[in-house]
Amino acid sequence: MSKQSSFNLIKNETVKRLFDELSEEDLTLLIQSIKLLKESKKELSENAVGKKSVSEKEEETEKELSKELVEGTNIFDMVSSEVSGHEIADESLDSVEEPPVDMTFNIFDKIVKDKKTLFKKGEALTLRYFPEKIVHRDEEILQLASVLSPILDQRKPSNLLVYGKPGTGKTVCVKFVCEQLKKKAEENGTPLDIVFLNCKIGKSADTEYRLFAELARNFGEKVPATGLPTQEVYDIFCRSIDSNKRKVILVLDEIDNLVKKDGKKSELMYSLTRINSDKLQNSEISFIGISNDTTFIQYLDPRTKSSLGEEEFVFSPYNADQLKDLLTERANISFFDGVVKEPVISKCAAYAARENGDARKALELLRVSAELAERERSSSVREAHVDMAQEKIERDNVATLIEKQPKQSQIVLFSIIKLLEVESPVESSNIYDMYGQIANKVGLKPLTSRRVSDLIAELDIMGIINTKILYRGRGGRTRQISLAIPSDSLLKVNNILKGVLEL
């Protein structure tokens, strides 16, 4: 802005006369001086808020400016308030600005500095941790070992099916026994390979091709993800096993995922159980199947059932006292002294014992309780933290429960969710058509309406849906169905179902 433009904006006559006598150079100096004074006062306010006197250095600066400028700061204040458009701040000279947020440091620096961790070895509470000591499973371990021991005498052991609810120690006991067997076989000079395959994780076993390809890769074969006939991949797998004289144990965890309820994979299981007599000459293979579902074997044909289930073990759920011992063992490994006391352990054990004696849930509950305590910067875990953790886990577990259901159950649930988007509640008689459409889209053969009705009942028992029977006289009866899923979990559940069903 020019001097003339600034002059036209001034209304005070005294200021106008002073302003008129200033040259362009003096005006520039005036503005710069005002800015310097404002910065000096701002710095003074930040460093000495509430003090009326200024530092000696600032006094000297103010005196020097007063000598250079005509009458001191009062005129500058008047000019700065009258002149607009110049590079002068609008706020009062006495105002104090909030300092900007410093984004140059990492926010975790302060968190890490202030945080006092409660965990000494937190991974001891996770599923991937393999304990050195397995509590309250001595009998089961000895039974497993007795079935597998013939392998040390160069004899093929019986095929074995291990049942039990989630968190009863099936997988960890089988792994422990197999590791012990492997070490003993090496000492005895017995050639032994043990392959562990989880049929639930990823898509390693969702088709015959992928199953045989994954097994072949475990024996060093390079098999493409697609492109070969399934029979050729099966032959590659058999040749890879039979290339050396040895014993092989194939552990199939979550084996029920290999047997779809429509029976399509019964032939696959039959081929595996017949491999010794039909394909192998130098080697012998034994199977250990691990399942949470004690009923899945009924979907196998009689030939496969007799070959696969030569020996069967059932793992019972842990009781509260056993869970307490298990948690105490892990807590001593996981936490520093004094962090977790006995009442907290007992409460975690009691919660888990109510939910089918699931050791994994007990460990998860203790871990989440400690994490909540740590976020509050508490020096120890209290019973209140356990209650908070239980509530949090219950919200998250709905989605996990649905994710672990068989695909047919997932299709039924997804059908219900889709219908409820249009009408609420939905009647069971309207579900079958939607279910059939989705099953065909997924590539599964639709079940009978009676079997779908059974799956609806199972979802009701698990608390995923609510059903109410309606009687219609001569029209028979039907069920009204609504969701029991918390509203804040519905979107997550919907996305899970779309993902696992590839919709």
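Mind pulling up the Rg/Rh value for region 334-397? Radius of gyration and Kirkwood radius, both on Cα. Walk me through the intermediate numbers first.
Working: Rg = 10.9 Å, Rh = 11.6 Å.
Rg divided by Rh gives 0.94.
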- Put a dot 7 Å past each Cα toward the Cβ at GLU427 and SER306; how far apart are the dots in nm? 4.8
- Rounded Å value of the spacing that divides the Cα centres of region 303-324 and region 398-437: 31
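Please state the shape class of region 227-320: rounded when a/c is under 1.5, otherwise prolate if a/b exceeds b/c and oblate if not, all from the C-alpha gyration tensor.
Values: a/c = 2.16, a/b = 1.54, b/c = 1.41.
Taking the square roots of the gyration eigenvalues as a ≥ b ≥ c, region 227-320 is prolate.
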- Message: Let me check I've understood the local charge: for ALA349, count other residues with C-beta under 15 angstrom from its C-beta, Lys and Arg +1, Asp and Glu -1. What total comes out?
- Response: -1
- Note on the structure: Which of LYS183/LYS347; LYS404/LYS468; LYS404/LYS441; LYS407/LYS492 exceed 27 Å between C-alpha atoms? The answer is LYS183/LYS347
- Starting from the Cα of PHE196, step 7 Å along the direction of its Cβ; do the same at LEU228; then give the gap between the two resulting points in nm. 2.6
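With a sphere of radius 15 Å drawn around the Cβ of LEU419, what net charge do the other residues whose Cβ falls strictly inside it have (Lys, Arg +1; Asp, Glu -1)?
On the way: positive: LYS418, ARG479; negative: GLU421, GLU423, GLU427, ASP433.
Local charge sum for LEU419: -2.
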- Please work out whether region 138-315 counts as rounded, prolate or oblate from its C-alpha gyration tensor, where a ≥ b ≥ c are the square roots of the eigenvalues and a/c under 1.5 means rounded, while otherwise a/b larger than b/c means prolate and anything else oblate? oblate
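With 10 angstrom as the radius, rank GLU458, GLU208 by how many other C-beta atoms surround their C-beta, starting from the fewest.
Numbers: GLU458 14, GLU208 19.
So the residues, fewest neighbours to most, are GLU458, GLU208.
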- Task: Mind listing the long-range amide H neighbours of ILE194? Cut-off is under 5 Å, sequence gap 5 or more, other chains count too, H placed in the peptide plane at 1.01 Å from N.
- Result: ILE249
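Given the C-alpha atoms of region 405-500, compute the convex hull and give its volume per residue in Å³. Kindly include the intermediate steps, with their values, before the conclusion.
Numbers: hull volume 9.3 nm³, N = 96.
Per residue, the Cα convex hull of region 405-500 comes to 97 Å³.
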- Query: Which entries in LYS120/LYS200; LYS133/LYS361; LYS324/LYS361; LYS247/LYS279; LYS305/LYS498; LYS200/LYS418 show an alpha-carbon gap greater than 23 Å?
  - Reply: LYS120/LYS200; LYS305/LYS498; LYS200/LYS418
- Efficiency of FRET between ASN440 and ASP387 - r from beta-carbon atoms, R0 45 angstrom, step 0.05: 0.45
- Task: List ARG303, ARG479 from most exposed to least, where exposure is judged by having the fewest other Cβ atoms within 10 Å.
- Result: ARG303, ARG479
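Quick note: the coordinates plus some simple rules give every number you see, no bench work behind them. This one's a predicted model, so the numbers in the text were calculated from it and none came from an experiment. Note: ideal-geometry Cβ built from the backbone for every residue, glycine included; neighbour counts use all protein chains shown.
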